[in-house]
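The values are calculated or read from the model by the stated rules, or taken from the named source; none is laboratory data. Computed from a predicted model, the values in this text were never measured in an experiment. Counting neighbours? That spans all protein chains shown, and the Cβs are built from the backbone with ideal geometry, glycine included. Just the protein is used for accessible areas: all its heavy atoms, side chains included, with ligands, DNA and RNA removed. Shrake-Rupley method; radii C 1.70, N 1.55, O 1.52, S 1.80 Å.
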Amino acid sequence: MAGLPMIFFMQIEPNEPNAVPRSPTYDRPMPEPLNVLLIGSGGREHAMARGLAKSPRLAKLWVTADNPGLLAIGSRVDVPVDIKEIYRLEQFCDRENIGLIVVGPEDPISEGFADKLATDSRLVFAPCKAAARLEADKAWAKDLMRSASIPTAEARAFAYAEQAIAYAQSRENSLVVKAAGLAKGKGVIVCDTQAEAVDAIKRVMIAEEFGDAGRTVIVEERMKGPEISVLALVDGRNIMVLPACQDHKRLSDGGVGPNTGGMGAYCPTPIATDEIMERVEREVLVPTVDALRREGITYRGVLYAGLMLTPAGPKVLEFNVRFGDPEAQPLLARYQGDLLELCLAICTGKLHEVETAWDPRPACCVVLASEGYPVKPRTGLVIEGLEKACELTDVVVDHAGTSRNKEGKFVTNGGRVLGVTGLGDTLEQARARAYEACELIRFDGMTYRRDIASQAIASASTDTNSTTIEV
Ligand code: AMP
Ligand code: GLY
């Protein structure tokens, strides 16, 4: 069934050097209870913190941000979370006897926090730096996909603007121009015309709109079709494919306006049929983990494939090496197992042994954003109605960009302020619950999309296979 996870046991060659996992703690039982450090500051991390806090195995949870949602569950780390001063975090972990570090966002993952912080007695739930290139270096990811015949848009990478422009001018079809590095989800420009593609290349490489992320540019064929996000848990040998989500990246209703980190997501999405999910597993996820292994890289953590369902089948738009935000919110709202045990199992190659449990009901998350997002969000605005929204049954409100003012009131402190997730027997009910909660919350200039999951619901009664969903 498309709505529940599927687990696959992958082949691993006994003589392969990578059969030996990177972490020396591989077969050692972890002490219980366990102190956990959660790195990250947003709604995704709040959702993860909730899950971790439910574990009977958790001794103390440490968090790295002043997000009041996180502070309600964990204690604030008092050292910088910075790769340049990573020794301070190492000392902190030694002092506080941290047994597990869970890393949410892409930046610390791609900077190699897992490599730096894992020790004999400390596991890190995050892929290693080499694996994180899948997200942090789109040119490398494209090469890897090409070498493993993983379906993706045809693309070329360029280090010089003139060459990229000449290539774009030689193409007849619509193109997409991407900064190859990490650009907070903003470094992708979808172009209708050749002139737009040339302009996009100039923005990336000459105006350096995305900074160093745009040193290399990818010029790729523009594909058409609905998009899904398929996330899998990978422990180095086993892969558990989670039910597909749909993210809504554009700011405004109808899929218009600037790209954002994500304005809402729901899970499962009805367009991801069993057949599509099997293809994604067989043609994308397993070959990717295998291709990494051939490069000498053992993948452990969350592998996120952003996919377009083209007439020729699912094709990769991008890989992320972490839970998506906001996809994590509806996904984790459905997880009823022990998240801490799940993270440990992934770190230790024991995904096949861990007991997982999922709420079969769909979940829908609506992001409440501050006016000005994604360019210059307004901060310091008092948020009202949060308590009432949290009291609703089958509703979870995750703090993303909030803080408290001097009077102790919740105020906006970022672009994406809150993630409001509803669960229901149907997607329609989940969505209605989320919106009911949104209507109880108020702050000046609060903006949110009114159409999260609405096309999926509208098309559920028609032919879902031929539906194009505007996200
Ligand atoms: P990405 O961050 O690579 O997932 O790209 C952000 C968004 O740009 C995607 O969700 C798509 O809507 C769009 N996009 C990226 N690559 C392509 C492509 N090759 N064809 C069409 N749309 C694309
Ligand atoms: N929601 C997309 C991302 O997390 O990159």
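See the values below:
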| item | result |
| --- | --- |
| With all protein chains modelled, accessible area of F443 [1.4 Å, Å²] | 20 |
| Length added when fully stretched, R378-R294, from 0.36 nm per residue minus Cα-Cα | 25.5 nm |
| Spin-label zone in segment 241-265 - amide nitrogen under 19 Å from a point set 7 Å from the Cα of K224 along the C-beta vector | 255-256 |
| Segment 260-382, dipole about Cα centre (Lys/Arg Cβ +1, Asp/Glu Cβ -1), debye to the nearest 20 | 400 |
| Residue (of Q429, Q91, I457) at the positive-pole extreme of the chain, dipole from beta-carbon charges | Q91 |
| Student exercise, segment 257-312 dipole from Lys, Arg, Asp, Glu Cβ charges, in Debye to nearest 20 | 220 |
| Orientation-averaged projected area, Cα convex hull of segment 203-350 (nm²) | 10.6 |
| Scaled radius of gyration (Cα, divided by 2.2 N^0.38 Å) that the chain gives | 0.94 |
| Cα gyration tensor, segment 267-358 - rounded (a/c under 1.5), prolate or oblate | oblate |
| Area accessible to solvent at E407, 1.4 Å probe radius, in Å² | 140 |
| Convex hull volume of segment 94-174 per residue (C-alpha atoms, cubic angstrom) | 133 |
| Residues of the chain: accessible area per residue with a 1.4 Å probe, Å² | 41 |
| Per-residue SASA entry for C245, accessible area with 1.4 Å probe, Å² rounded to 10 | 0 |
| Segment 41-167 - Rg and Dmax from Cα coordinates, angstrom | 18.6, 59 |
| Gain upon complete extension [H352, T426; 0.36 nm per residue less C-alpha separation] | 23.7 nm |
| Filtered trypsin sites (Lys or Arg not before Pro), segment 163-261: DSSP coil and at most 10 other beta carbons within 10 Å | K224 |
| Average silhouette area of segment 232-271, convex hull of alpha-carbon atoms, in square nanometres | 3.8 |
| Å³ per residue enclosed by the Cα convex hull of segment 144-264 | 140 |
| Quarter of Cα convex hull surface for segment 316-469, i.e. mean projection, nm² | 11.8 |
| Helical mean residue ellipticity (222 nm; -39500 (n - 2.57) per DSSP H run of 4+; nearest 500) of the chain | -7500 deg cm²/dmol |
| Net charge dipole size for the chain [Lys, Arg +1 and Asp, Glu -1 on Cβ; Debye, nearest 20] | 660 |
| Efficiency of FRET from Cβ geometry, E208 and E85, R₀ 41 Å, rounded to 0.05 | 0.90 |
| Hypothetical label at N405: residues of segment 355-383 whose amide nitrogen lies under 12 Å (7 Å Cα-Cβ projection) | 379-383 |
